[in-house]
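K.L.:
I'd like to ask some things about the structure below.
The values are calculated or read from the model by the stated rules, or taken from the named source; none is laboratory data. For clarity, every value in this text was computed on a predicted model and none was experimentally measured. Glycine also receives a Cβ, built like all others from the backbone with ideal geometry; neighbour counts cover every protein chain displayed.
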């Protein structure tokens, strides 16, 4: 202290120099005042001095209320410089009730809790009357607030949530008091003070009791036993509306359940704004959880109520926090509703997110589906076009096959034509180099053309070198004979040319019998055929002559006559053999013991034997073999038949019919052939069983 | 509050009787405490008389030694300045005799001779100077305590008002209300006067 003096000396001296003496002098005046009894520190400690001077602490009493045995005033506490509540015994109570009065103060002072009214001071006034002071709540009693609310006032100011907040505070106070073994026993809205800041305080513990400990009461607690205070407590006993049923019976042992019941009543009133005794009609607007809590708290049977105030508190808490209280057996929907209320924002967020997600997924799926459909459509289209392509391909294939087939046919035809040409050429060559009779037997016009060409060729050859080769003259004669130009043949004979003797005879015999067109009539032609076979069995030559005879414009009767002759020659000229032809149906009917319909001969010296059908020149499509001796159906080869009648023939084997590709119908007699034989026919051949005798 | 009160009054009592207690027990703690207050004053006085800084310590020790030796025999009359007159005499005489010793030992500087002249001058004038110095010393001591009692701008407000600054200017420059300026000024002044009184009672014989 002193050491620092020098350093500050100059500053202090400089600044206070002018008044230092004055100040020093003033200190003597102060000393003088002190000696004259003035407060030495006077203005120095105004508060201290004020309190020191206080003689009467409480002043300005203002009546605030009256209870069972006390009246309360609002007074100014000079020491603490504030207003407090001062309680005094009622004037009617004498000295004997002073302890009962002070008992409440002591009981309350035992409880130090934010929601229990605080006792500040206990004392005795100048008149010797006891008093105690408590905190004076600037606010109002819950009773007044409920009154306002029930009249529809201040509902905005005190919503249910706020009111339940107060209730929680009171529950805490009661739970605390119970933990200190103090029962209130007069809990009601009138004894609950609501402060300016929403704090709730439980007041008026005048009826409270201390529940005996398991061991025994302490001395100070003994003083709080209500029984010590005489009949005063009998007179003032709670408020019926908030009293548990069992509490109304006197001499009942006081329990915490009575306070629980009263709390339930207060809760009822806080919720419905009507006393507990009033029936509440419309409970739909009220949270079912709260109703369940009220029911449990105010159960008639004490053991059915909450076990303690804390449990009640916790259930209300759960309600306020949006959970279902333990007492309420809430179903899933209610729990979900409560969950929604608790986590409204989170739920909204999640819901929105889910919705967005769902929409997104739906969109995605839709897109996917669309794509899928498009793809499917494309696929179907592709398949269709594929099918079309296949069809087209098939068509193309068909066309190609057709084309190939056509080509093949063409080639075949061409080949045939080439073969034909080759054969013709061969024939010509053969004719030039060999014997005319060796000319290949070709069917149809080709043969006659070949003969004509050969004759012309011979003419040329002969013209060039007439005497050179005798064979030329013989072949030329032969060709003339075949084409029934007997006049020309005889002309060669007359020129002295050497030919086959028998033919020379026949040429002279028939030269005069030709008609104007240059061929033999059918009858003479048939005679010629017989003459040719009779001597040297010129079968091949007959065949050739018949083929060449096709060139001449004969009637079908004449041709049938010739064929008939030809069949007769080859079947040993047996009597009764006859061939009839029906032009309308192109059908042939054979009569007589005909056994053979073909003739075999060698065409030339090189090739194999050729089998030729006797009926070929008539080109029949139907053939009636009834009553003939034909037993081998292979005789029908070379004919393009569609129908054949084999009734009354010795035929046993139908197999050869398979070779006739054009055949469609076979007529057989009833039971002529076994079924097995009939079944052996191919499916395109129909078997018709008819009685014998019926003709085509 | 009550304990604080008693402590304060006890301390106050001690201070009041400090000079007496030091007189009664020259070897006790009271003398030690008294020295804490008087040493700075003696040194200050010597410096004011013109004693050089380097020599003031020695002279100061001589003065205090004289004081210590003679305090026991001092009998205060009821004249209030009597102790200080006595003290002044001790200071001056000690200083003069000390300088004379030095002059004998060595040559005398111009400055020293001037001090001696002043010391040997009008005694009533010197006495008045020492009295002023004492008063200012007590005010400074009281201010030390004021600094401990008041916080913030209170002391500054008081000092400025003493220096003649108007309340309005003080309020404006320090950012406080004019009414507060008055209250603070008077509060500090009263407390200061009170503290001066307390210190005076401690370090002076009662008048």
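K.L.:
Answer yes or no: is there a residue in the range A:207-225 that is surrounded by 12 or more Cβ atoms within 10 Å (Cβ to Cβ), part of a loop (DSSP other than H, G, I, E, B), touching a helix residue (DSSP H, G or I) at 6+ places or on another chain (Cβ under 6 Å) and at pLDDT 80 or above. If you could, list the steps in order and put the result at the bottom.
P.N.:
Residues of the range A:207-225 that are surrounded by 12 or more Cβ atoms within 10 Å (Cβ to Cβ), as a first pass: A:207-212, A:217, A:221-225.
The next check asks that each one be part of a loop (DSSP other than H, G, I, E, B); those that pass are A:207-208, A:211-212, A:217, A:223-225.
From what is left, the residues that are touching a helix residue (DSSP H, G or I) at 6+ places or on another chain (Cβ under 6 Å) are A:208, A:224.
Now restrict to residues that are at pLDDT 80 or above: A:208.
Yes, the range A:207-225 has at least one match.
Each row is one residue, and each column tells you yes or no for (1) more than 8 Å from chain A (Cβ to nearest Cβ); (2) touching a residue at least 12 places away in the same chain (Cβ under 8 Å); (3) within 30 Å of residue B:33 (Cβ to Cβ); (4) in a helix (DSSP H, G or I).
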{"site": "B:141", "(1), (2), (3), (4)": "no, yes, yes, yes"}
{"site": "B:144", "(1), (2), (3), (4)": "no, no, yes, yes"}
{"site": "B:182", "(1), (2), (3), (4)": "yes, yes, no, yes"}
{"site": "B:185", "(1), (2), (3), (4)": "yes, yes, no, yes"}
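K.L.:
Based on what the data block shows, is residue A:663 in contact (Cβ under 8 Å) with a residue 12 or more places away in the chain, in contact with a strand residue (DSSP E or B) (Cβ under 7 Å, 6 or more places away or on another chain) and part of a loop (DSSP other than H, G, I, E, B)?
P.N.:
Judged against the criteria, residue A:663 is a match.
K.L.:
Considering only the range B:146-173, how many residues are out of contact with any helix residue (DSSP H, G or I) (no Cβ under 6 Å at 6 or more places or on another chain), away from chain A (no Cβ under 14 Å) and at pLDDT below 85?
P.N.:
The number of residues fulfilling the criteria is 2.
K.L.:
Consider the range A:30-46. How many of its residues are at pLDDT below 70, touching a helix residue (DSSP H, G or I) at 6+ places or on another chain (Cβ under 6 Å) and at the interface with chain B (Cβ under 8 Å from one of its Cβ atoms)?
P.N.:
Going through the range A:30-46 one residue at a time, the tally reaches 3.
K.L.:
Moving on. If only one of A:175, A:100, A:91 is at pLDDT below 85, out of contact with any strand residue (DSSP E or B) (no Cβ under 7 Å at 6 or more places or on another chain) and not in a loop (DSSP other than H, G, I, E, B), which one is it?
P.N.:
The conditions single out A:100.
K.L.:
Same structure, new question: Can you spot a residue in the range A:524-532 that is assigned by TED's automatic domain parsing to the domain that holds residue A:669 and over 30 Å from residue A:648 (Cβ atoms)? Reasoning before the result, please.
P.N.:
Taking the range A:524-532 and keeping what is assigned by TED's automatic domain parsing to the domain that holds residue A:669, we get none.
For the range A:524-532, residues assigned by TED's automatic domain parsing to the domain that holds residue A:669 and over 30 Å from residue A:648 (Cβ atoms): absent.
K.L.:
Residue A:112: over 60 Å from the mean Cα position of the chain (by Cα) and within 14 Å of chain B (Cβ to nearest Cβ), yes or no?
P.N.:
When the stated conditions are applied, residue A:112 does not pass them.
K.L.:
Looking at the range A:314-323, is at least one residue modelled with pLDDT under 80, part of a loop (DSSP other than H, G, I, E, B) and within 21 Å of residue A:245 (Cα to Cα)?
P.N.:
Checked against the condition, which is being modelled with pLDDT under 80, part of a loop (DSSP other than H, G, I, E, B) and within 21 Å of residue A:245 (Cα to Cα), the range A:314-323 yields no hits at all.
K.L.:
Counting residues that are modelled with pLDDT of 90 or more, which strands (runs of 3 or more DSSP E) fully inside the range A:112-154 reach at least 3?
P.N.:
Ranges flagged: A:119-124, A:130-135.
K.L.:
Which of the residues belonging to the range A:1-29 are at pLDDT 75 or above, facing chain B (nearest Cβ under 7 Å) and under 27 Å from residue B:35 (Cβ atoms)?
P.N.:
Within the range A:1-29, A:16, A:20, A:21, A:23, A:24, A:27 qualify.
K.L.:
Kindly indicate whether residue A:312 is in the same structural domain as residue A:163 (by TED's automatic domain parsing) and surrounded by fewer than 23 Cβ atoms within 10 Å (Cβ to Cβ).
P.N.:
Here the answer is no, as residue A:312 does not meet what is asked.
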